[in-house]
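Below you'll find the structure, written out as structure tokens, and then a few comments.
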Amino acid sequence: MSNVAQHLAQYALKCADIMIPKPGTDLTKWAVVACDQYTSEPEYWEQAAEYVKNDPSTLHLIYPEVYLEEADPEKRIRSINSAMQDYIKNGIFTTYPNCFFLVHRTTDNCPNGRWGLLVALDLEHYDYAKDSRTLIRATEGTILSRIPPRKEIRRNAPLELPHIMVLINDEKRSIIEPLTKKTEQLKKAYDTELMAGGGHLSAWVVDRQEDLEAIALAVKAMHDALDPSNPLLFAMGDGNHSLATAKSCWMDIKQTLSEEELKNHPARYALVELENIFDPGLEFEPIHRVLFNLSKETFLQEIAKVCTSYVEKKVPSKEEVVAQINVNDGLQKFGYCDADGCSVFVLQQPKASIAAGTLQLVIDSLLAHKLATVDYIHGVDVTANLGRKKGNIALILPDVSKATFFDTIIKDNALPRKTFSMGEAHEKRYYMEARRIQN
């Protein structure tokens with residue numbers, strides 16, 4: 001192992017042998033959005049299948065989660081594994097050895113784009129448990145029941161295709177951003193439009209020793225600034241259950257390996273895209289809540305249990321709700337809408353460090369006692385409109401702060417599920433690259 005590889009390994013990073021289709025492949029058909037999107041819209045996936053037909057495509061290599069409840073999942077899994085083997089056998093891939101990819105993605109909502117760095121992360125440094133102190137961690141609670149069906153898909157797959165996005169807290173912009181200024185010096189790996197309004201995707205190969213050494217030094221500096229008792233270096237952005245599945249599969253595989261085999265087995269690593277949380281092209285959106293069949297009186301009783309006191313202030317509109325809850329004054333606030341109008345709640349000594357955490361305690365109590373049902377909603381307008389219907393309550397959350405995001409994970413261990421979203425469905429990561437995970 002080279003010095004730079006050893007250096008990277010200390011921080012859970014490894015260069016990868018990254019596979020992409022050979023020139024001449026229609027990459028617009030090849031790349032497909034993350035499998036956990038459009039789970040209530042089978043027509044999206046039917047249209048993708050009609051567009052792709054039998055051409056080479058990651059659609060033939062993934063299991064769209066809209067189909068997870070189908071009668072014979074094993075049939076689809078066998079088809080996926082067979083397609084992977086056929087693609088390998090037929091030599092459709094070009095492999096770029098021992099490298100990272102610098103990735104650039106533009107969408108209609110983000111014309112200037114966001115940058116990422118495709119790397120292999122060491123699963124030995126990842127633990128999705130809520131009280132984890134590992135370098136790589138979940139940002140929201142992991143639902144353990146979601147792992148077994150995903151393990152069935154990965155267990156015998158010879159390839160992995162990443163849709164996972166992992167955040168780094170690089171306010172100095174020292175890791176990814178220097179590479180963006182030298183794209184003319186790097187070999188371009190691909191450059192393509194994406195199907196179904198997904199925007200444009202480009203990548204460059206990062207394999208020069210000087211660039212890898214610079215990355216290693218920047219990661220070291222970021223790591224050295226962390227609290228050694230709680231060193232959060234990589235926080236999950238999208239795809240936590242996919243990474244948890246990779247970890248679970250690795251835990252099974254490692255039981256069968258010798259000490260020497262443990263060091264470099266390909267299943268020990270997972271291909272992910274690192275993104276700097278401070279990239280201006282990376283948008284965080286809060287996910288709001290709507291409670292159904294609940295009286296305000298019952299809601300207020302539950303709120304009183306999670307703070308020492310609260311103040312409710314009536315406001316004239318949902319726009320004013322958003323304006324007031326996002327004033328940075330150090331107070332914990334959330335918006336409220338029901339059939340009688342809108343309010344802003346200010347909490348004193350709440351039990352969690354952010355409003356989403358405090359409200360999740362309320363929601364968990366209501367659900368446990370069967371006093372209400374809940375849905376998680378994107379967009380203030382939709383949330384408020386649902387909340388204004390008789391018997392409903394809308395809870396509008398403040399924006400997610402990039403500056404305090406990592407600190408919140410460290411303090412609260414993990415955010416409540418569905419606290420934030422990184423862009424809309426068509427802006428999620430598309431499958432493009434592949435990596436072998438079997439020897």
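Values computed for the structure shown
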quantity: Cβ-defined net charge surrounding residue 436, 12 Å radius [Lys, Arg +1; Asp, Glu -1]; calculated: -2
quantity: Neighbour cut-off at most 16 other Cβ (10 Å), DSSP loop, trypsin sites (Lys or Arg not before Pro), region 52-95; calculated: 53
quantity: Helix-only CD estimate at 222 nm, as mean residue ellipticity for the chain, using -39500 (n - 2.57) per DSSP H run (n ≥ 4); calculated: -9000 deg cm²/dmol
quantity: Added length on full extension, which subtracts the Cα-Cα distance from 0.36 nm per residue, residue 69 to residue 331; calculated: 90.0 nm
quantity: Mean separation of Cα contacts under 8 Å, 6 or more apart, over the residue count of the chain: relative contact order %; calculated: 22
quantity: Inter-centroid distance (Cα atoms) of region 87-137 relative to region 308-382, Å; calculated: 35
quantity: Furthest towards positive pole of dipole, 129, 92, 63, structure part region 58-187, Cβ charges; calculated: 92
quantity: Heavy atoms of residue 131: accessible area, 1.4 Å probe, square angstrom to 10; calculated: 110
quantity: Stokes-Einstein D (µm²/s) once Rh is taken as the Kirkwood radius of region 286-399 over alpha-carbon pairs, at 4 °C in 1.567 mPa s; calculated: 95
quantity: Under 12 Å, Cβ to Cβ, from residue 296 - net charge with Lys/Arg +1 and Asp/Glu -1; calculated: -4
quantity: Environment charge of residue 52, counting only residues whose C-beta is closer than 12 Å and scoring Lys/Arg +1, Asp/Glu -1; calculated: -2
quantity: From the coordinates shown, Rg and Dmax of the Cα atoms in Å corresponds to which of (1) 22.7, 67; (2) 22.3, 73; (3) 20.9, 64; calculated: (1)
quantity: Which listed pairs, of 305/333; 390/418; 313/333; 22/247, have C-alpha distances above 19 Å, in listed order; calculated: 390/418; 22/247
quantity: Using alpha-carbon coordinates, inclination of helix 73-89 to the longest axis of the chain, degrees; calculated: 40
quantity: Surface accessible to a 1.4 Å probe, per residue, for the residues of the chain, Å²; calculated: 45
quantity: Accessible surface of the chain [probe 1.4 Å, protein heavy atoms]: carbon and sulfur percent; calculated: 49
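The values are calculated or read from the model by the stated rules, or taken from the named source; none is laboratory data. As the structure is a prediction and not an experimental result, all values here were calculated from the model. No Cβ is skipped: glycine too gets one built from the backbone with ideal geometry, and neighbour counts run over all protein chains shown. Areas reflect the complete protein model, heavy atoms only, side chains present, ligands, DNA and RNA absent. Shrake-Rupley method; radii C 1.70, N 1.55, O 1.52, S 1.80 Å.
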